[in-house]
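One structure below.
What follows is calculated from the coordinates using simple rules that are stated; it is not laboratory data. Note that the structure is a prediction, hence the values are computed from the model and not measured. Using ideal geometry, Cβ is built from the backbone for each residue, glycine included, and neighbour counts are taken over all protein chains shown.
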Ligand code: FSX
Ligand code: SF4
Ligand code: F3S
């Protein structure tokens, strides 16, 4: 949706709501609404409309189901500040069912779940779900309904469905090989559209922002091909990282007791998977914006990516020579000339060669020699697009990079 479409949609929403509800119910927290709107990509001109919508509209009913998980997503949600989660729950969201924090227990709790199914509500599912003959690994309540049955029943009545956490989005930790409980993400068996909000756990900002977007527009945000909202998962985490300049100058932390950890050196060599991740952690952070993994001194483990547990190698080693699952030798020839190594390469070919068990090499194939000349032998971890782009840089960063790589 562009700016004009957003404005039109919000005006239409406001007039629908005004026809039903006349008096604002409370003084909403305008500052917070402004912040959350900016975060989810709503332009300044529309914020007043959002304030009016949220002050007129009664709280939106929310059912939050727990499946196979650690409740970290709920913990993250509860870390919301300004307003605290209590004021969110009193003013904008009516949490009808959430096994961890609700007062009711047993049959009383299940009754409030079933009573809500007759009303309009939105659904959050946290955790993976076991299927088929393993479905009874995940049951809920005295009647032992399986997670699969309960999710299907509640989802069939929901206005919108959000998979909160990597477990619910893609299976997550319990779906890691050999996946003994046959756990899967919920969109593998639900027929309705699911908005995935992955992360183990996702930040409170990404959870709340996605819910507020739906509450305001009565429609889902724009999604990527993994059904993740573009406003939160549309950019590469590494590009927003505060240590990125050090990555580009080749200044890497070599071990976890390296004093340069505190000087902002990059964590790629101690396993950071940031370059492969689409998430906004450096921007929104966690625990009321206190910090995020890379600031705290540990590399990103790609916790919000599908299959992260199995596909990203060892947690504290880079995804390169020894950890990349490449079994056959590969050669990349005719690299685009943007790398501009030097003028002589104009008529020549650059060859990048890598194997899982050997140093990575960059060759230059000259027109007058059949044997490629070895340009650079990288028996250490390197991110090639960046290396090539900066190798011949005339600026300070390029010079520092060459100095570091020569060492
Ligand atoms: Fe835990 Fe949520 Fe990880 Fe999973 O977060 S933090 S195991 S994504 O479902 O509770
Ligand atoms: Fe930041 Fe990791 Fe990228 Fe280094 S590799 S800049 S620590 S995201
Ligand atoms: Fe997860 Fe990486 Fe963010 S580990 S929390 S996606 S920094």
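For the range 237-324, the relative contact order is 29 percent, taking Cα pairs closer than 8 Å that sit 6 or more residues apart in sequence and dividing their mean separation by the residue count.
In plain terms, the chain from residue 242 to residue 86 could stretch by 52.9 nm, reckoned as 0.36 nm per residue minus the Cα-Cα distance. Descending by average beta-carbon neighbour count within 10 Å, the peptides 225-232, 287-294 line up as 225-232, 287-294, the highest first. Across the range 1-80, the relative contact order, built from alpha-carbon pairs under 8 Å that are at least six residues apart, equals 38 percent.
Hull volume per residue, based on the alpha-carbon atoms of the range 237-324 and their convex hull, is 94 Å³.
Estimated translational diffusion coefficient (Stokes-Einstein, Kirkwood radius over Cα pairs, 4 °C, 1.567 mPa s) of the range 24-138: 80 µm² per second. Could you check the spin-label model distance between residue 118 and residue 5? Points 7 Å from the Cα along Cα→Cβ, value in nm. Going from the residue 118 label point to the residue 5 one covers 3.8 nm. Give the shape of the range 118-267 as rounded, prolate or oblate, defined through the alpha-carbon gyration tensor: a ≥ b ≥ c are the square roots of its eigenvalues, a/c under 1.5 means rounded, and otherwise the shape is prolate if a/b is larger than b/c and oblate if not. Oblate is the answer for the range 118-267, as a/c is 1.5 or above yet b/c matches or exceeds a/b. With both labels modelled 7 Å from their Cα along Cα-to-Cβ, the residue 260 to residue 188 distance reads 4.1 nm. The rule of thumb for compact globular proteins, 2.2 N^0.38 Å, goes into the C-alpha radius of gyration of the range 5-81 1.33 times.
Centre-to-centre, using Cα atoms only, the range 27-70 and the range 176-232 are separated by 17 Å.
Taking 0.36 nm per residue of sequence separation and removing the Cα-Cα distance, the residue 94/residue 156 pair yields an extension gain of 20.4 nm.
Cα centroid separation, the range 241-284 to the range 80-150: 38 Å.
Remark: the residue 295-residue 316 segment gains 6.0 nm on full extension, using 0.36 nm per residue and subtracting the alpha carbon distance. Distance between the pseudo-spin-label points of residue 224 and residue 396 (7 Å out from Cα toward the beta carbon): 3.2 nm.
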